[in-house]
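Data first, discussion second: the structure below is written as structure tokens.
The values are calculated or read from the model by the stated rules, or taken from the named source; none is laboratory data. This is a predicted model, so every value here is computed, not measured. Cβ sites come from the backbone with ideal geometry, for glycine too, and all protein chains shown count toward neighbours. With ligands, DNA and RNA removed, areas are computed over all heavy atoms of the protein, side chains included. Shrake-Rupley method; radii C 1.70, N 1.55, O 1.52, S 1.80 Å.
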Amino acid sequence: RAFRMSMDQSGAFPWNREAQGPSNPVAARGASRTAQMDDLRCVAEVRRGESEAFGQIVRRYQDRLFNAILRLMGDWQEARDLTQQTFLKAYVSLDGFRGDSSFYTWLYRIAVNVTLDARKKRSKSGEVVREERPSGGDDDPDTSGPASSPADDPAERALQREREEAVARAIQSLDDLHRSILVLRDVEGMDYEEISSVLDIPRGTVKSRLHRARLELRDKLKDLIS
């Protein structure tokens with residue numbers, strides 16, 4: 001049960017969260033000190049045999065982890081499966097967490113490695129990358145809100161969906177390193193030190209590759225931007 005994710009079957013998150021605008025920039029930069037201390041408490045409890053404490057970690061990070069993996073992988077169902085795999089791998093490897101970085105950073109390092117391995121396997125098999133977002137039908141929160149809301153306009157919803165898909169395709173077209181850095185910085189809000197730790201590359205490399213990734217993404221989206 002600790003690994004059972006509480007996603008809405010309609011796929012409402014993280015899309016609706018993104019549609020409502022960027023998340024709190026302070027929260028997006030990483031777990032607060034209180035959350036970090038709580039992570040350490042949960043880790044200690046799990047190591048003492050209280051496995052249900054890991055469920056608190058799952059609930060704290062599953063949304064953000066899924067969102068990052070979705071952007072890295074490009075497929076909704078695979079992102080869901082890989083998020084589960086990440087938590088399972090973290091659980092069985094918990095003795096490997098030494099506290100040299102925050103638990104949050106350690107967990108994201110596992111997520112990135114799991115996702116990049118999956119992409120390599122898919123690339124070898126020749127499978128086409130395709131990002132899918134399940135439709136929520138009448139229960140999709142996208143359809144809620146005031147009658148005057150642009151979200152109620154089918155044409156506006158279609159245009160928004162088209163924009164989202166264009167951005168997703170552009171991100172997927174980047175190479176693994178550029179895509180990973182861009183997602184961790186501009187989607188997850190990690191700082192350079194955190195990204196350096198997650199990807200195990202120098203801080204200077206993070207900054208230079210991020211700049212290149214942004215330029216490349218802007219070029220790919222120039223028609224949409226204009």
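Does the range 165-223 hold any residues that are part of a helix (DSSP H, G or I), among the small types (Gly, Ala, Ser) and closer than 22 Å to Arg109 by Cβ, and which are they?
Here is the first cut: in the range 165-223, the residues part of a helix (DSSP H, G or I) are 165-172, 176-187, 192-199, 203-220, 222-223.
Now drop any that are not among the small types (Gly, Ala, Ser), which leaves 166, 168, 170, 180, 196-197, 204, 208, 213.
Listed by number, the residues that qualify are Ser180, Ser196, Ser197, Gly204, Ser208, Ala213.
For the range 70-88, how many residues are open to solvent by 10 Å² or more (accessible area, probe 1.4 Å) and within 10 Å of the chain's Cα centre (by Cα)?
Looking only at that region, the number is 1.
Suppose we filter Val26, Val58 for residues that are modelled with pLDDT of 50 or more and in a helix (DSSP H, G or I); which single one remains?
Val58
Give me the pairs, please: first residue somewhere in the range 108-126 and closer than 15 Å to Gln172 by Cα, second residue anywhere and in a helix (DSSP H, G or I) and open to solvent by 20 Å² or more (accessible area, probe 1.4 Å), beta-carbon distance under 6 Å, and either six or more positions apart or on two chains.
Leu116/Asp176
Can you go through Leu215, Leu116 and tell me which one is under 22 Å from the mean Cα position of the chain (by Cα), loosely packed, with under 12 Cβ neighbours inside 10 Å and modelled with pLDDT of 90 or more?
Sole residue among the options that is under 22 Å from the mean Cα position of the chain (by Cα), loosely packed, with under 12 Cβ neighbours inside 10 Å and modelled with pLDDT of 90 or more: Leu215.
Just need a number here: residues in the range 89-103 that are touching a residue at least 40 places away in the same chain (Cβ under 8 Å), closer than 16 Å to Val46 by Cβ and either open to solvent by less than 40 Å² (accessible area, probe 1.4 Å) or touching an Asp or Glu at 6+ places or on another chain (Cβ under 8 Å) (or both).
Of the residues in the range 89-103, 3 are touching a residue at least 40 places away in the same chain (Cβ under 8 Å), closer than 16 Å to Val46 by Cβ and either open to solvent by less than 40 Å² (accessible area, probe 1.4 Å) or touching an Asp or Glu at 6+ places or on another chain (Cβ under 8 Å) (or both).
In this structure, is Ser226 among the hydroxyl-bearing types (Ser, Thr, Tyr) and in contact (Cβ under 8 Å) with a residue 60 or more places away in the chain?
For Ser226, the condition - among the hydroxyl-bearing types (Ser, Thr, Tyr) and in contact (Cβ under 8 Å) with a residue 60 or more places away in the chain - is not met.
I'd like to know if the range 1-17 contains one or more residues that are farther than 27 Å from Gln172 by Cβ, of a type in the set (Gly, Ala, Ser) and modelled with pLDDT under 95.
Checking the range 1-17: at least one residue is farther than 27 Å from Gln172 by Cβ, of a type in the set (Gly, Ala, Ser) and modelled with pLDDT under 95.
Residues that are open to solvent by 10 Å² or more (accessible area, probe 1.4 Å), out of contact with any Lys or Arg (no Cβ under 9 Å at 6 or more places or on another chain) and among the acidic types (Asp, Glu): does the range 54-69 have at least one?
No.
Scan the range 153-167 and report the pairs whose first residue is touching a residue at least 24 places away in the same chain (Cβ under 8 Å) and whose second residue is open to solvent by 70 Å² or more (accessible area, probe 1.4 Å) and in a helix (DSSP H, G or I), with Cβ atoms within less than 6 Å and a gap of 6+ or a chain change.
Going by the 6 Å Cβ cut-off, the qualifying pairs are Ala166/Leu224.
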